[in-house]
Structure formats: structure tokens, C-alpha cells
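A short worksheet on the structure shown next.
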Amino acid sequence: MTPKRRRERGQTLVEFALVTPLIVFMVVAFIDMGRAVWTYTTITNAARQGARVAAVNQLTTSADCDESIPITDPTTPHWTIYGCAIAAGGPLGLTTSNVGVSYAAPPGTTVSCSPSVNVGCIASVTITYAYSPSTPILNGFIHSMTFTSTSQEPVERVFP
């Protein structure tokens, strides 16, 4: 073995030691970025589901979401705005504190939406969720981000 060849034997190990942390960081960042996109998509779907329910059912008293059974008694609803938004949130563990519901008149109309909701009012459901990266590497850089998604639907019928 020549003296030059002997000096180059450790070069590959040093290059590998320098590049490996960067590659691991990039893989972890892509995984957490995918989780963040999935989380935002999930809260967007939850807001959309809540707004869809708010357009036909203005009940907020229950946390159920069984839309297969029609509501015949408003005191015992089977599906509500909060319940369906939370159910659509799935494994995020949303609670009623993550869900906001409001009604407003469409711009340029005289529809009254307060204190009672009327057909034509715009139902807005907002979901707010605090996302934090799952890996300690990224958690050191990004501690937490607040994702917010709002969906709006016109009220189609007033219930109850």
C-alpha cells in the first residue's frame, strides 16, 4: 500500500460522519412536514363537516355525530355541529374548545342573524389546533404552530 492510499482510508468515514446528520435531519423534516399537512387537511375537513351540519341543524348541545338517525326531538339530538366537527377531526383529539361557531348576514342583505338564525345567514365554523412537531430535532426549532381553518355555508333551514 502506498503512503497516499493509507492517508485516504479515513476520508470516507469522515465524509459519512459529516453528511449523515444532514440526511437524517432532512428525512425527519419531511416526515414532520407531512404530518403538518395531514393535520391541516384534517382540521379543514372538520371545519367543512361542521359547517355542513350548521347549515341544516343549529344544535350545539351534544357531542354526538350519528347522521343516520334523523333528529325528531331537539332535546336529544343524534348529531350536532360540535359533535360532527370533533368526529371529523379524528385522531387529533379535538374538543369543543377547538371549535367555534358563528352566524352572520351575507354582505349587502337585510337578513337578521342575531339573536335568532334565519335562512340565508352564513354559518361559519372555525377549527383551531396547536400543532407541535413529534421529533425532538424539529421541536427544538419549531415549538408549536397554531393551525386555523374556517368553512362557511349558507343556512338552508332553521332547526329546531
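Figures for the structure shown
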item: Computed helical MRE - 222 nm, the chain, DSSP H runs ≥ 4 contributing -39500 (n - 2.57), nearest 500; result: -13000 deg cm²/dmol
item: Accessible surface of the chain [probe 1.4 Å, protein heavy atoms]: carbon and sulfur percent; result: 62 percent
item: Peptides ranked, highest mean first, by Cβ atoms within 10 Å: ranges 27-34, 16-23, 46-53; result: 46-53, 27-34, 16-23
item: Degrees separating the helix 11-54 axis from the principal Cα axis of the chain, which is the longest one; result: 0 degrees
item: Residues of segment 92-160: accessible area per residue with a 1.4 Å probe, Å²; result: 57 Å²
item: Net length gained if the chain between THR61 and THR128 were fully extended (0.36 nm per residue, minus Cα distance); result: 22.2 nm
item: Once the Cα gyration tensor of segment 88-160 is diagonalised, semi-axes √(5λ) in Å; result: 36, 13, 8
item: Radius of gyration and maximum dimension Dmax of segment 17-82, Cα, Å; result: 20.5, 67
item: Estimated FRET transfer efficiency when R0 is 22 angstrom, pair ILE31-THR148 (beta carbons, to 0.05); result: 0.40
item: Whole-number D in µm²/s for segment 21-137 (Stokes-Einstein; Kirkwood sum over Cα pairs; 4 °C, 1.567 mPa s); result: 81 µm²/s
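The values are calculated or read from the model by the stated rules, or taken from the named source; none is laboratory data. Just so it is clear, the structure is predicted and the values come from calculations on it, not from any experiment. Note that we place each Cβ from the backbone using ideal geometry, even for glycine, and neighbour counts take in every protein chain shown. Ligands, DNA and RNA are excluded from the accessible area calculation, which covers all protein heavy atoms including side chains. Shrake-Rupley method; radii C 1.70, N 1.55, O 1.52, S 1.80 Å.
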